[in-house]
Each structure stands twice: as C-alpha cells, then as structure tokens.
Amino acid sequence: MKLNKLIFASFAIILLICTACSVQKTPPTGQQVPEIKPESTQPPPESPPVVPPPRVTAPDASQYSAQGLARIYPSQLHGSKVASGEIYDIYGMTAAMADLPLYARVEVLNPQTGRKAIVTVNDQLPDHNTLIQLSYLAANILGLQQGSSQVVVRGLPPAR
C-alpha cells in the first residue's frame, strides 16, 4: 500500500513539474502582441562570385627519360609552400625535379621492386646530384627506403 502511495506521489510531482514548464502566457483580451519587424527590407548582399583557380596546362614531357637517384622529400616540409605555390602534402603524388618544368607528369619505376608510380612535378630541385625527390606516399608505393635509390623516370604527355 505504501508503495502505491509513493508511486502516485511521484507521478503527481512529475505531472506538476511538466505542466508548470509548459504553461504558455497569453496576453489579456484586447491587448495586442507587438509585431517584430526586420531591420532592413533589402535582401542580404550576394556573396562574391566563386572564381576557380586558373587552369594550368601541363607540359608535354613524353620525350623525357632518365635514370638516377631518387630521394624522399623531407617530411618536415609537410604543409609548406613549394615552387608551384601549392602546399606540400606528404600524402600527395608529387615530386621535385631539376630537369622538368612544373606540372609535368612522370612515371617513376623502381627497378629493384618493379613498382611504378605516376607523380606530378610541383617543386624545383636545386640538387642536380638527385634526379627526383618524391613525396612520402609516392616513395612508399615504389618501395623506396630512407636514403636514396636508383629509379627510372619516364615523362608522360599531359593528362586530359
């Protein structure tokens, strides 16, 4: 019996709290509710038009072929600007070269593993002792280890 009274009392308290929270105040009869007007009747200004970046035409590097040392681009430079103006991303398929212009596409072959990767040149390489410097991802795909490895680089025509 005490349990029933306790349940009934709990239910009554909860009901009282819920109804107190849901009470809506209505203005007395004859009193008007003030109308909320927008501050300005003019539409908001339009956003400036989105202008896509200029389309870069990749040079034709299909006549290029070389063999030499490949190094891994320093991971400390992740997030810094490269010669093309892009931000270096260690997970991009990019490379730095001294012999080819920016945006050239090349296929890199690691003769030791037989693996190939296609990368885009987005930085200039000042070191002429190194043929190509590869992003971390590209080097990983090719199976290159720290230090340097011999690779074969073959130029590709522009992507369509």
Legend entry - Spatial separation of Cα centroids for the stretch 61-79 and the stretch 93-116, in angstrom: 6 Å
Legend entry - Most positive-pole-ward Cα, His128, Ser148, His78, against dipole of the stretch 65-155 from beta carbon charges: Ser148
Legend entry - Rounded to the nearest 20 debye, dipole of the stretch 65-155 from Cβ charges on Lys, Arg, Asp, Glu: 220 debye
Legend entry - Fraction of beta bridges assigned by DSSP in the stretch 65-155 that are antiparallel (%, nearest 5): 75 percent
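Values in this text are rule-based calculations from the coordinates and carry no lab data. Keep in mind that what you see is a predicted model, and the values were worked out from it rather than measured. All Cβ positions, glycine included, derive from the backbone under ideal geometry; neighbour counts span all protein chains shown.
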